[in-house]
Amino acid sequence: MSPKVLKAIYIEAGQYTLDLSKLIFGGVILTMITNADINRIITFAIGCISIIVLTIIGFILYKKGKE
């Protein structure tokens, strides 16, 4: 593949992972608002870890695409 195509893929993949982190954030907040029978601490911890990891990956991919 050409470098131009790879850059476009990196940018799109970065945007996709950032969108996923936003969706997970919304899901965690909605889960906390509803009174479902779940362990709130574990849900919050796993959600926060997922959000942080996906955000970091998203910014790395986006930065790599802009180089």
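The values are calculated or read from the model by the stated rules, or taken from the named source; none is laboratory data. Fair warning: this is a prediction, and the values are worked out from it, not measured in the lab. Virtual Cβ from ideal backbone geometry, glycine too; neighbours counted across all protein chains shown. For the accessible areas, the whole protein counts, side chains as well, though only heavy atoms, and no ligand, DNA or RNA atoms are used. Shrake-Rupley method; radii C 1.70, N 1.55, O 1.52, S 1.80 Å.
Among Leu18, Leu30, Leu54, which one moves the most in a GNM of the chain with springs linking Cα atoms closer than 10 Å?
Leu30
Could you work out what % of the accessible surface of the chain is carbon and sulfur, using a 1.4 angstrom probe and leaving DNA, RNA and ligands out of the count? Walk me through the numbers on the way to the answer.
Values: 3720 of 5060 Å².
Percent of accessible area from carbon and sulfur atoms in the chain: 74.
Treating the angle as unsigned and between 0 and 90°, give the value, to the nearest 10°, between the Cα long axis of helix 3-33 and the longest Cα principal axis of the chain.
10 degrees
With point charges of +1 on the Cβ of Lys and Arg and -1 on the Cβ of Asp and Glu, referenced to the Cα centre of the chain, which listed residue (Met1, Leu30, Ile52) lies farthest in the positive direction of the dipole?
Met1
Would you mind working out the accessible area per residue for the chain, using a 1.4 Å probe, and quoting it in Å²?
With the other protein chains kept in place, the chain gives 76 Å² per residue.
Separation between the Tyr16 and Asn35 pseudo-spin-labels, each 7 Å from Cα along Cα→Cβ, expressed in nm?
Reported label-point gap for Tyr16 and Asn35 is 4.0 nm.
Measure nothing fancy, just the Cα-based angle from helix 40-66's long axis to the longest principal axis of the chain, in degrees from 0 to 90, nearest 10.
10 degrees
So what is the relative contact order for the chain, in percent, with contacts set as C-alpha pairs under 8 Å and at least six apart? Walk me through the numbers on the way to the answer.
Values: 55 pairs, mean separation 41.2, N = 67.
The normalised contact order for the chain reaches 61 percent.
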